[in-house]
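Trainee: Pasting a structure below so you can have a look.
Read-outs throughout are calculated quantities, based only on the coordinates presented, and are distinct from any laboratory measurement. A quick note: this is a predicted structure, and the numbers were derived from the prediction, not measured. So basically every Cβ, Gly included, is an ideal-geometry build from the backbone, and we count neighbours across all protein chains shown.
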Amino acid sequence: MSVSAHTNSDSTLTSEVCEEPLNRAMDENPLNMDSGLEYQATGQGLASSARLASDGRIEISLDLKESIPELPNDYAHEVAEFALDKEGWKDVPKMNIVIMVVGSRGDVQPFVALGNELRKDGHRVRLATHLMFRSFVQESGIEFFNIGGDPQQLMSYMVKNPGLLPGIESISNGDIGRKRAMLTEMFDGCWRSCHERDEPSGTQFAADAIIANPPAFAHVHCAEALGTPLLLSFSKTPTKSYAHPLVCINRTNAQPGLTNYLSFALADLLTWQGIGDIINEFRSKKLRLPALTLRSGAGLVDRLKVPWTYCMNPALVPPPNDWQNNIDTVGFYFMDLATSFKPSDDLLAFLKDGPPPVYIGFGSIVVDDPKRFSDIIFEATAQASVRAVVSAGWGGLGGSSIPPHIHILGSVPHDWLFSRVSAVVHHGGAGTTAIGLRLGKPTVVVPFFGDQFFWGRMVHQGGAGPEPIPHKELTAENLRDALKFALSPAARQGAQQMSEKMQNEDGVHKGVNSFYQHLPLLNMRCEMDPSLLAVWWSTKHCLKLSAFAAQVLADANMIDINELHLHRSKEYDSRKDISDPVTGGGSAIFWTVTHYYAGIAQIF
C-alpha cells in the first residue's frame, strides 16, 4: 500500500511514514482548514482517499478494483440470543438495574421515564449520570449515582467537533486532552455505579443488569466483567439503508447498500482509534479484562449482537428491513412534567398578552457566540412579525436589551409550554422533536451535531417544517423565512398528521417489555424459586440459587456456602472472530484513514 498526503495546492508531500507529511502541513498552516488535508491509499483490491472536513466529518472516496456484488436483501440473519424465555418473559425476578447515561438533560430525561416504569415492577433502579442532574433524578424518585464528567463541556466540545474527528482548533487548544481525561473519569464512574453503595443511605448495590446510551462507552466492558445482561438505547445500528450520519461518501463504485454498511464499520474503527487506548487501560486496570485490538475492539457491540431499543416512533421512522431480531423500535419515552409545573406570573402574562408565540431554544447546546444568536433571533422574529418565548438554555441566550415581543425563559417543561405556542424552533434533539410533534407543533430544526440533522430531515420530509438550517448557516433572513413556513397552513397540517401517528404511543411501557424480552431469563432465575434472581452457582449440585435459597440450604446443612460461586447470567466473548465479511471489509477502507489519524494523534 502506498500513502501520500497532499493539500489542495499543486504541491504533493510523499513519505513512507504518514505522520511526517501531516505534521509538516500542520506546521505550515496549523489552523487553516482550507488546506484540505487528505490521504490517499492504493492496494491490490482498493484505492481510497479520506479527507477531514472542517466540521470533523470524514469524507471518503472508494474505488474497488474488482466488482463486489450488492448486499442481498436477506444478508442479515436472525440472531440466536442466549437463554431467552419466549413464552414467560413477563415473569422477571426483581433486579438491581443500573442505567448509565452520558449527555445532556435531554439524554437523561427519557431514561428517568424508563426507570420509573421499571420501579413499578419492583426493581431497584440506579441512574448513573453527571452530578448536574442529581436533583432532577432524585426528585423523580430514582436512586442517583455520580459518574463525573461535565455535560456542559461535553456539549461545547460537540458543537465545536460535530464529526468523528476533532477539528484543528480543538487539537491546538487542548480540548482533546481534556475530553480524554473526562472519558477516563466517566469510565471509572460507570464501573463504580455497578457495585458501590448508595451514597445517601449506605445501602449496598450490585448490578444485575445494565441499560445504557452509547456515549457511556464503558457499558459493554462493565457487562463483560460482571457477566450481566446489557441493553442499549438510541444511536445508530449498521444498515444498508443509509450511511452513518458522520461519514460522507464523496465517490464510490461499490453498490449503495454495501457502501452504506461499510460507513458504519468505518465509524466504529475511527472511534476505536481515538479512544481505544483509554478503553484498554480501563479494561486492564479496573476490570481485569484482556486488552482488545483494533480488530476486536471496533464494532464490538454489533459483533456481540447486544440488544438495542430504539426510542422512536416506527410510524414516523420505519426501521430498516435489515435490522435483526435483537433490535426493537418502541416509540418515544415521555415524562408528564406539565401537571406539577407552576409557571411564573410574568410568563403567564406574556402568553395572555397576544397571539400564541413561537418557542425558540437550543436546550443544552453551548453556542460559541450567544449574543450573535440572540440578535439573529430578535431580528428574525421581528421581521416575521411573531412573538417568541426564548429559552436561555446553556447557551445563555438573551442579553440585557430584550425587545418587547420576546420573553426569556428559564427552565420550563416542554410538555407544558409547547401546548401553548404556535410553532417550535430548536436544535433537533430526539426528545424535544418528539414532544413538539406529539403536540402537533410545526418545527424548525437548527442542528448542531449528531442525529439532530436526521431529525431535521425527518420533520421536513413529513411536511411539518422547512429544511433544517445548520447552526453555522443561521441568519436572520433564513430564520425569518423558516418561521413563515412553519406558520403556514401546510406546515400545520403536516405537524398534525405526524401528531396523529403518535397519539396512541406508549413508548416507555414498550421499552420495558423490550428490555424483558431480551433478558437471558432462563439463566437468571433461581432453580429453587424461579420468582427470585439467581446470584450463586453451586458447581457440586449444578444449581443456580438466589441469596435466600442459598441461605436456607446452608442453614439446613445441605450445601456449603463457601463452595458457591457468583453466578454470571450472560457471557460476552469480546475477542470472538469477525464472521461478517462486510464488517471485516471495513478494515480495508480504514487503513486509508488510520494513516491520516495517526498523524493527528501525534499532536494530542
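Trainee: Amide H to amide H under 5 Å from Phe145: which residues, 5+ apart in sequence or cross-chain, H placed 1.01 Å off N in plane?
Mentor: Excluding prolines and chain starts, which carry no amide H, the hits are Leu127, Ala128, Thr129.
Trainee: Please sort by residue number the chymotrypsin sites (Phe, Trp or Tyr not before Pro) in the range 220-310 whose DSSP state is loop and whose Cβ has at most 15 other Cβ atoms within 10 Å.
Mentor: Passing sites in the range 220-310 are Tyr242.
Trainee: For the range 525-566, what log10 I(q)/I(0) values come out of the Debye formula at q = 0.17, 0.22, 0.24, 0.35 1/Å, with one point per alpha carbon and no solvent?
Mentor: Log10 I(q)/I(0), no solvent term: -0.34, -0.58, -0.69, -1.34.
Trainee: Taking amide H positions as placed in the peptide plane 1.01 Å from N, state which residues far from Ile249 in sequence (5 or more) or on other chains have amide H under 5 Å from it.
Mentor: Ile60
Trainee: Related question: Would you please give the residues with an amide H less than 5 Å from that of Leu409, counting only those at least 5 places away or on a separate chain, with H modeled from the backbone geometry?
Mentor: The list, which skips near neighbours in sequence, is Val390, Ser391, Ala392.
Trainee: Provide the packing ranking of 399-405, 531-537, i.e. peptides ordered by the mean count of other C-beta atoms within 10 Å per residue, highest first.
Mentor: Those peptides, ordered most packed to least, come out 531-537, 399-405.
Trainee: Applying the Karplus parametrisation 6.51 cos²θ - 1.76 cosθ + 1.60 with θ = phi - 60° to the phi angles of the range 300-316, what ³J(HN,Hα) value in whole Hz is obtained for each residue in order, glycine and proline being reported as x?
Mentor: Values per residue, Gly and Pro as x: 4, 4, 5, 5, 7, 6, 4, x, 10, 10, 8, 8, 9, 6, x, 6, 8 Hz.
Trainee: Could you list the square roots of 5 times each eigenvalue of the Cα gyration tensor of the range 254-327, that is, the equivalent ellipsoid semi-axes, sorted largest first and rounded to whole Å?
Mentor: 28, 17, 10
Trainee: What's the Cα-based Rg to Rh of the range 345-502, Rh via Kirkwood? Write out the running numbers ahead of the final one.
Mentor: Values: Rg = 14.0 Å, Rh = 15.2 Å.
Ratio of gyration radius to Kirkwood radius: 0.92.
Trainee: Per the Kirkwood formula on distinct C-alpha pairs, the Rh of the range 199-278 is how many angstrom?
Mentor: About 15.3 Å, per the Kirkwood formula over Cα pairs.
Trainee: Quick one: Karplus J couplings for the range 365-370, per residue in order, coefficients 6.51, -1.76, 1.60, θ = phi - 60°, nearest Hz, x for Gly and Pro?
Mentor: Per-residue couplings from phi come out as 5, 9, 7, 5, 10, x Hz.
Trainee: What are the ³J(HN,Hα) couplings of the range 91-103, residue after residue, when phi is run through the Karplus curve with 6.51, -1.76, 1.60 and θ = phi - 60°? Round to Hz, x for glycine and proline.
Mentor: 8, 10, x, 5, 10, 9, 10, 9, 10, 9, 9, 10, x
Trainee: Next question. When we measure straight from the Cα of Lys484, which lysines land under 26 angstrom away, once same-chain ones fewer than 8 places off are left out?
Mentor: Lys352, Lys371, Lys441, Lys472, Lys501
Trainee: Next question. Within 10 Å of each candidate Cβ there may be at most 16 other Cβ atoms; applying that plus a DSSP loop requirement, which trypsin sites (Lys or Arg not before Pro) in the range 474-543 survive?
Mentor: Lys540
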